[in-house]
């Protein structure tokens with residue numbers, strides 16, 4: 001990677017140092033706080049007069065700390081602490097992280113591992129200033145996971161508005177699978193549970209209203225959102241768990 005950056009004229013010392021998530025890096029200057037609006041938070045309150053209330057937060061001690069990815073942050077926030085437990089994060093795409101005692105990697109399947117470290121602790125301060133500190137994970141652990149290109153971004157691509165999503169969802173039974181077998185990728189290429197840069201989106205056939213050439217948007221939403229995402233999630237988690245345990249048994 002450094003060689004590639006060097007070819008583009010980027011000096012190694014121009015890159016930031018790698019630190020563990022949560023590591024204090026620096027306090028922000030007042031100019032930076034003002035420039036990026038970190039001293040103001042705007043809240044909109046909907047009521048009969050539709051007024052907007054804006055107030056400021058004083059952020060004199062605003063600091064820059066080491067961060068992490070959104071799916072890892074979701075895992076840590078879930079309080080999962082047992083090997084074999086996993087957390088899925090569904091947004092524009094689908095990401096999965098599972099706690100493992102072993103490093104697991106298979107590029108052909110899009111499976112990779114993040115080192116979680118030897119231990120992780122966090123503190124929670126009660127409103128009455130009672131403090132609780134607990135150990136979340138002990139030992140040298142890994143987050144095994146993968147990220148699919150399938151996700152909710154397809155809903156925007158297919159022009160579902162927020163109003164339409166709310167109205168159509170009210171008429172969909174979430175416990176009933178759609179007969180439409182879609183693979184709703186935004187474009188060609190998938191990363192997980194198989195690394196296939198040539199995998200094509202599947203959004204056909206579209207359901208039509210009776211005696212009409214108009215698409216039945218409720219059934220289309222059901223097929224796009226429910227079946228594939230649910231099956232993709234359960235399949236990926238099951239496969240990830242099975243693969244990790246098999247790998248652990250073979251390499252322990």
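Remarks
- The lone criterion from (1) part of a loop (DSSP other than H, G, I, E, B); (2) surrounded by 15 or more Cβ atoms within 10 Å (Cβ to Cβ) left unmet by residue 168 is number (1).
- Extreme residue, nearest to the chain's Cα centre (by Cα), among residues of the range 195-222 that are within 30 Å of residue 112 (Cβ to Cβ) and part of a loop (DSSP other than H, G, I, E, B): 195
- Of the strands (runs of 3 or more DSSP E) entirely within the range 59-161, those holding at least 2 residues that are loosely packed, with under 13 Cβ neighbours inside 10 Å, in contact with a strand residue (DSSP E or B) (Cβ under 9 Å, 6 or more places away or on another chain) and modelled with pLDDT under 80 occupy 112-125, 131-148.
The values are calculated or read from the model by the stated rules, or taken from the named source; none is laboratory data. Predicted model only: the values in this text are computed from it and were never measured. Positions of Cβ are generated from backbone atoms using ideal geometry, with glycine treated the same way; all protein chains shown enter the neighbour counts.
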